[in-house]
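Working notes, beginning with the structure itself.
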Amino acid sequence: MNGIVVVDKPADMTSARVVAEVKTVLGARKVGHTGTLDPFATGVLVCCVNQATRLAQFLTRGKKCYQAVMRLGIRTDTHDLTGRVLSREASLTVTHGEVHSAFKRFSEIREQVPPAFSALKHHGLPLYKLARRGTFVQKPSRPISIYGLVVHDIDLPYVRFEVSCSEGTYVRTLSADIGDALGCGAHLAALRRTESGGFTVGEAVSLSTMKELCVDKKTSKSVIPMREALRGIPEIQARRALARRIRRGQPVTRAELGPLEDETPQWIKVSDTEGHLIAVLDSTEQNGVLPYKCVFPNGK
């Protein structure tokens, strides 16, 4: 069983715990995810099963979409509802127009300072572990992209919004920064990821549903095959002789693969005549051949 499982993560569960549950339910040797969700958050958590863990490098870079609620007037050390309150405004004087203006400005930001409470590491230790000990490490700002930032409802002190962004964007930090720009502070009160790397909440399954499928011996219905999981990467179907060479990791040229609809892709996925993924290659030749990103000799 090699493929992708899109889990609808429940609240109050760590991403690591979800991965452990998936591993147990599927009886998998290895499971990993392509992007952490905070324990209080819900929604899309993409899990790679067995050989598909090697595909994580291609799945972490896609767009992520969130539905969120921020609470104006209260700052916390974690930038979300789980943290220690740092300040509290007795009353809010913020107008709806000011909220919309702030969101418009932040839709154009190109970098962000990661929060002290995050899974980023400092000398091998996650920042959140250091922060819990009272050691707050400030990482430098990192480039991010905001593709869309829309306010859906304002019911002060709450603002409901939607954001689509690049990997590495912290929505709770975005909320805190908008609150600071408004002069009243804010924290993230709710978060639901609706899309990650092309996988949407509409195709996600809950852990309880996975367990029911396991009882009925239908767990494979929740697993997306590896070839289908690499959405947006152009595909070449290799004939038997070429597929045999690729399974062995032997040198292959761009001309041998034949034409592609997209002539300037970053990667190329190769399947055999039965539709099984057998390799992913870099599209740019080096020393006359295409570098291998990963090979699946069994072609499953």
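The values are calculated or read from the model by the stated rules, or taken from the named source; none is laboratory data. Note that the coordinates shown come from a computational prediction; the quantities given were computed from them, not determined experimentally. Positions of Cβ are backbone-derived with ideal geometry, glycine not excepted, and every protein chain shown enters the neighbour counts.
Condition (residue is farther than 25 Å from residue 39 by Cβ, among the charged types (D, E, K, R), part of a helix (DSSP H, G or I) and modelled with pLDDT under 90) applied to the range 127-144: is it met by at least one residue?
No, the range 127-144 contains no residue that is farther than 25 Å from residue 39 by Cβ, among the charged types (D, E, K, R), part of a helix (DSSP H, G or I) and modelled with pLDDT under 90.
Considering each residue of the range 111-126, count those that are modelled with pLDDT of 75 or more, touching a strand residue (DSSP E or B) at 6+ places or on another chain (Cβ under 7 Å) and surrounded by fewer than 16 Cβ atoms within 10 Å (Cβ to Cβ), and give that number.
Qualifying residue count, the range 111-126: 1.
Counting only residues that are within 20 Å of residue 60 (Cβ to Cβ) and of a type in the set (S, T, N, Q), which one in the range 24-45 is nearest to the chain's Cα centre (by Cα)?
The selected residue is 34.
Taking the condition of being surrounded by fewer than 12 Cβ atoms within 10 Å (Cβ to Cβ) and aliphatic (A, V, I, L, M), how many residues in the range 228-273 meet it?
2
Take the range 82-104 and flag every residue that is within 25 Å of the chain's Cα centre (by Cα) and surrounded by 13 or more Cβ atoms within 10 Å (Cβ to Cβ).
82, 83, 103
Taking only the range 258-270 into account, find how many residues are without any contact (Cβ under 8 Å) to a residue 40 or more places away in the chain and under 16 Å from residue 294 (Cα atoms).
3
Within the range 129-149, can you find the residues that are over 20 Å from the mean Cα position of the chain (by Cα) and either surrounded by fewer than 17 Cβ atoms within 10 Å (Cβ to Cβ) or closer than 16 Å to residue 86 by Cβ (or both)? Outline the logic, then answer.
Start the filter on the range 129-149 by keeping residues that are over 20 Å from the mean Cα position of the chain (by Cα), which leaves 129-140.
129, 131, 132, 133, 134, 135, 136, 137, 138, 139, 140, listed by residue number.
Please work out if residue 157 is assigned by TED's automatic domain parsing to the domain that holds residue 84, at pLDDT 95 or above and either at positive phi or of a type outside the set (Gly, Ala, Ser) (or both).
yes
Six or more apart or on different chains, Cβ under 7 Å: which pairs go from a residue in the range 176-194 that's in contact (Cβ under 8 Å) with a residue 60 or more places away in the chain and more than 17 Å from residue 95 (Cα to Cα) to one that's of a type in the set (Asp, Glu) and part of a strand (DSSP E or B)? Could you list them?
Cβ pairs passing all conditions: 187/80; 188/80.
In the range 42-81, which strands (runs of 3 or more DSSP E) lie fully inside it and hold 3 or more residues that are among the aromatic types (Phe, Trp, Tyr) and surrounded by fewer than 22 Cβ atoms within 10 Å (Cβ to Cβ)? Outline the logic, then answer.
Values: elements: 42-49, 64-72, 74-76.
Passing ranges: none, list empty.
Looking only at the range 198-233, which residues are in contact with a Lys or Arg (Cβ under 7 Å, 6 or more places away or on another chain) and either touching a residue at least 60 places away in the same chain (Cβ under 8 Å) or not in a helix (DSSP H, G or I) (or both)?
Once the filter is applied, which keeps residues that are in contact with a Lys or Arg (Cβ under 7 Å, 6 or more places away or on another chain) and either touching a residue at least 60 places away in the same chain (Cβ under 8 Å) or not in a helix (DSSP H, G or I) (or both), the range 198-233 yields 198, 230, 233.
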